[in-house]
Amino acid sequence: MFRSKYYYYFSVGKYSTEKGLLDEEYKDRIRIQESSPVVVMVNPDEKKTWWMFKGKFYVEDEGYSSEEIRALLLYKLMKKEATLKRALSSIKDIGTDLSGRRKPIPDDVKMFVWQRDGGKCVKCGSRENLEFDHIIPLSKGGSNTERNIQLLCEKCNREKHDNLV
């Protein structure tokens, strides 16, 4: 979109509106597009219509009505929001925060596991280079709970890698 004198024009690549919009017409379209899609440009040769809806531009070549475009775009937005919610939920479930970093194992869980496992590796009994290991890795749906954490020495933990045993 560009402005020339008192007219507003819409432009995409080699296409642009032939007739500009006066200030009031432009403001009306901006207001209306918040609740209902508005046509901003048409190319009858290629049967393309450009729409503006909720501050974004869309192009279609199916000849949909404003009501049909609104339904399709709202449906697309709902699917996108549902996907985002699932993704955020998955991140919480696997024990990471929004930056992608792992949530630390809580101190009370560490203390419980240390006492339960007797301060030694549950595989070989070593008391050196101990690490808190996720029995079921976070990447495979494990959690930071006492039931899913064990003490392993560095050697046993490296041998286990991300396997369950």
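Each value in this text was obtained by applying a stated rule to the coordinates, not by laboratory testing. What you see is a predicted model, and the numbers here were worked out from it, not measured in a lab. Positions of Cβ are generated from backbone atoms using ideal geometry, with glycine treated the same way; all protein chains shown enter the neighbour counts.
Tabulated values for the structure
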read-out: Cα extents of the range 107-160 along the three principal axes, largest first (Å); value: 28, 25, 14
read-out: Sequence ranges 71-83, 106-118, ranked by mean other-Cβ count within 10 angstrom, highest first; value: 106-118, 71-83
read-out: Scaled radius of gyration (Cα, divided by 2.2 N^0.38 Å) that the range 2-93 gives; value: 1.34
read-out: 0 to 90° range, to nearest 10: angle between helix 23-32 axis and the chain longest Cα axis; value: 40
read-out: Those lysines that a straight Cα-Cα span of less than 30 Å connects to LYS103, excepting residues fewer than 8 apart in one chain; value: LYS79, LYS80, LYS85, LYS92, LYS120, LYS123, LYS140, LYS155, LYS160
read-out: Whether the chain is rounded, prolate or oblate, judged on the alpha carbon gyration tensor where a/c under 1.5 counts as rounded; value: prolate
read-out: Over the chain, relative contact order from alpha-carbon pairs under 8 Å, at least 6 apart, %; value: 12
read-out: Relative contact order (%) - criterion: Cα under 8 Å, at least six apart; region: the range 107-160; value: 40
read-out: Angle in degrees between helix 107-116 and the longest Cα principal axis of the chain, rounded to the nearest 10; value: 30
read-out: Computed [θ] at 222 nm, deg cm²/dmol, the chain (DSSP H ≥ 4; -39,500 (n - 2.57); rounded to nearest 500); value: -10500 deg cm²/dmol
read-out: Calculated FRET efficiency for the pair LEU84/SER36, C-beta based, R₀ 35 Å, to 0.05; value: 0.90
read-out: Calculated FRET value between GLU154 and ASP117, using beta carbons and R₀ = 25 Å, to 0.05; value: 0.95
read-out: Nearest-ten-degree value, helix 66-93 long axis tilted from longest Cα axis of the chain; value: 10
